[in-house]
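Notes follow once the structure below has been shown.
No lab work stands behind these numbers, since they all come straight from the coordinates. Predicted model only: the values in this text are computed from it and were never measured. Here the Cβ is made from the backbone with ideal geometry for all residues, glycine too, and neighbour counts use every protein chain on show.
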């Protein structure tokens, strides 16, 4: 740079002069801001979608519909229920969330107006599950699938193949290796409990859950991201999960796999328009957008990774993207969500008393049982005690009993245990004590 | 495909990162680059992991309008977004709208009027406060919206004939619900990356003062900002924010909780309603304070322990050449490639180590083109803090855009370089006069960070 006649120096000066003018003239001070009114009408959406999901819909919807602006009111499902029961439904135009029970409960209140949206290209069912409400008050917008998040490296170290169904998780080799969400605390988990019960039947279902709980190394009281963290870290080999957190992590490169079990289930999210919507046309425009091909495509972004309800969208996705409509044709989704909905609160409460409280004791008993069985000892009676459900299938069908637990929505404070739970608690403890005594008698 | 595009493909495929387009490759790294801004510092113990995850939950929490049967109650009454992660997506960089019909999703506007507040900082607008809140809880009108239009400037020619046109934002305020704002100062801000901040906090103030006092080439100066520490109740060295107007992570977090989300904390216990905003002042509170100290502790811990992504492909010949061009151009006078952290008892994983943030944390006059004309403590309207460059190469992959600078006006790294003026004028002129192949090497180096 010392020689002023150096050609590079000349280029430097010529270019510098040009850029000098660029950066000086038009930019002397902040430009005066103007003020005007756009008249965008608000559409108030109550939802529990996280920001990664909602903000993408918000940006795309407002771009496509310049007449409207979205206003988001974020509520967990247990809290959305009282919010939407307020006078004028809290000002909400739309409810959009993955909580079938909340939609059903509010439909019973008469909280929704007919959706009134054309359903071209949107099936009414997938497997045995309905995608739209029979009265046309709400409809599914996306689905999440239940299954197993697995760490292939950790499974290989244990000498285990990737599980094909729930029953595979009862193998003694899984001891301490499973992350299990607590159904009373984690939103997606109650349906998961019911999927297995419907798949195997009441008795065998609870027996399977007991053995899986006996293999659980971590009980998770928080969402699926934490299940994924536990498995990704290698601390546990497998987590019971819903697909989108895990599959989004996989799409972003986490060294994991997601396995859909032979007996699967889907948890749909729905959308509804409130009866007292002050902007029903805006609400309808938003619902229409969410269900459109453009809206459904947003769901497949690698940070969201939900399952669209519009089958045509799957044709444009990579072959590896799970297609629940194809799986349903093979019988993967015979789970009936309508059937289960009334008893989900009850199931969570039973699960809590049988498998979560005194979980450490349960784990120890299952390990002793596995060791005894491996040694060829007859410990069938002890096994039966650990596997026995706390109440019969007929008792669980009692609407009065189901009603006691109907408001136990995921994430809500369960309060103190009721009389039934105290009875189950004692029954559960008695079963474990008796099983322990039998094992001891057998030298196990 | 040009040289730079070929290089980028090489970086992505070389690291086994074509996840968006292909099945996972054998031997891929355990931590994928799309999660590179969310990783803890190495050595986090089991108990600390719990606190780290709790802090992550707070950072990702969507806050709820009070009253609510939810520990997250307290959003608003006036706010910008529902969660921290809204503006710092995947802990990375926010973006500006493409045009006036698109709302700001990860960006905000600071407001003030001439003069100083009692603490020495900017004097808030008497009606709209220190920041335009473009959302209000039901029943409380949002303050308004800021719409951005872009004005294309005349293209300029770099050495070798490459033409580059920059764009400049023009702001209009719409739907202002509390009356005409009148004359005010305003400054646009995209959400900043939040990784590596604990390490930057551990750089001793004495180091910043020493760097400011050093003689530097090319007319580069550099000064520290002196800002109000709300907890200590005294002026201290500023180091966070576009104008280094925040003293530490805790105050940065609590300040953003209040300003962006309307969440009060023990550090800032009053709601962000001005006296003129009467309905805002009457709105139900989510608690006193709304953000518990435990949650503030957790989010501070999370941010303090977030690692910055390591450089990739450092030995690639193009990257290595780019690093030399970066230094020869004069960029390292401010974008310092090495800093030393000091002791830190609260966050020991950040202590006593050499880091490569490519910043000096000092304020520099960046010329009239970037000036916002809005003083902030000791920073005048032309000064900006040198932003760290670590992790900058991953913005397109993680944040799915390539906007840079405080208002996202630069549509790629080259445009960001070409906006440098003032103390960086000579370095920018050198860049513009550098042959194209060396400019591409410099950009490849930045992409490797």
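Could you identify which residue out of A:72, A:84, A:158 has the top mean-square fluctuation in a GNM of chain A using Cα springs shorter than 10 Å?
Top of the fluctuation ranking is A:158.
For chain A, modelled as a GNM with alpha-carbon contacts under 10 angstrom, which of A:358, A:392, A:302 fluctuates the most?
Result: A:392 has the largest fluctuation of those listed.
Of the DSSP beta bridges with both residues in the protein assembly as shown, give the percent that are antiparallel, rounding to the nearest 5.
Bridges in the protein assembly as shown are about 75 percent antiparallel.
How much length would be gained if the chain were fully extended between residue A:323 and residue A:359, taking 0.36 nm per residue of separation minus their Cα-Cα distance, in nm to one decimal?
Separation in residues times 0.36 nm, less the Cα-Cα distance, equals 9.3 nm.
Normalised by the residues of segment B:189-280, what does the relative contact order come to in percent, with Cα pairs under 8 Å and at least six apart?
Reported relative contact order: 16 percent.
Note down the relative contact order for chain B as a percent, whole number, built from C-alpha pairs under 8 angstrom at least six residues apart.
Computed over chain B, the figure is 20 percent.
Can you give me the Cα centroid spacing of segment B:356-420 and segment B:147-190 in angstrom?
15 Å
Between residue B:288 and residue A:334, how high is the FRET efficiency from 1/(1 + (r/R0)^6) when r is the Cβ-Cβ distance and R₀ = 45 Å? Nearest 0.05.
0.30
If the chain between residue B:50 and residue B:154 were fully stretched, how many nm would it gain, using 0.36 nm times the residue separation less the Cα-Cα distance?
The span from residue B:50 to residue B:154 would gain 32.1 nm if fully extended.
For the pair residue A:262/residue B:332, report the inter-label distance in nm, with labels modelled 7 Å from Cα in the Cβ direction.
6.3 nm
Relative contact order of chain A, please, whole-number percent, based on alpha carbon pairs below 8 angstrom and at least 6 residues apart.
21 percent
What percent of all Cα-Cα pairs in chain B falls in each 20 Å bin, counting up from 0?
Calculated P(r), rounded to whole percents: 24, 59, 17, 0.
Using Cα atoms only, what is the angle between the long axis of helix B:46-60 and the major principal axis of chain B, expressed in degrees (0 to 90) to the nearest 10?
Computed tilt is about 70 degrees.
Considering only chain A, what is the antiparallel percent among its DSSP beta bridges, to the nearest 5?
60 percent
For segment B:31-110, rounded, prolate or oblate, judged on the Cα gyration tensor with a ≥ b ≥ c (square roots of eigenvalues), a/c < 1.5 rounded, else prolate if a/b > b/c?
In terms of gyration-tensor shape, oblate.
First check a/c for segment A:245-329, with a ≥ b ≥ c the square roots of the eigenvalues of its C-alpha gyration tensor; if it is under 1.5, answer rounded, and if not, answer prolate when a/b is larger than b/c or oblate otherwise.
The shape class here is prolate.
Find the centroid of the Cα atoms in segment A:281-353 and in segment B:245-278, then give the distance between the two in whole Å.
39 Å
Compute the acute angle (0 to 90°) between the alpha-carbon long axis of helix A:359-374 and the principal axis of greatest extent of the alpha-carbon atoms of chain A; round to the nearest 10°.
So the helix axis and the longest Cα principal axis differ by about 60 degrees.
Would you calculate, for the protein assembly as shown, the mean residue ellipticity at 222 nm contributed by helices, counting each DSSP H stretch of 4 or more residues as -39,500 (n - 2.57) and dividing by all residues, to the nearest 500?
Theoretical 222 nm ellipticity from helices: -10500 deg cm²/dmol.
Determine Rg/Rh for segment B:191-313; Rg is computed over alpha-carbon atoms and Rh is the Kirkwood hydrodynamic estimate from the same atoms.
1.06
As an exercise, find the ratio Rg/Rh for segment A:264-385 from alpha-carbon atoms, using the Kirkwood inverse-distance average for Rh.
Taking Rh as the inverse mean 1/r over Cα pairs, Rg/Rh reads 1.18.
Cα centroids of segment A:109-176 and segment A:190-243: how far apart, whole angstrom?
Value for the Cα centre distance between the two parts: 14 Å.
Looking at the calculated P(r) for the protein assembly as shown, what percent of the C-alpha pair distances fall above 56 Å?
15 percent
Antiparallel versus total DSSP beta bridges in chain B: what percent is that, nearest 5?
If I count the DSSP bridges inside chain B, around 95 percent turn out antiparallel.
Averaged over its residues, how many other protein chain Cβ atoms are within 10 Å of peptide B:368-376's Cβ atoms?
Other-chain Cβ atoms within 10 Å of each residue's Cβ, averaged: 3.
Would you work out if segment B:264-390 is rounded, prolate or oblate? Take a ≥ b ≥ c from the square roots of the eigenvalues of the alpha-carbon gyration tensor; rounded if a/c is under 1.5, else prolate when a/b is larger than b/c, oblate otherwise.
Oblate is the answer for segment B:264-390, as a/c is 1.5 or above yet b/c matches or exceeds a/b.
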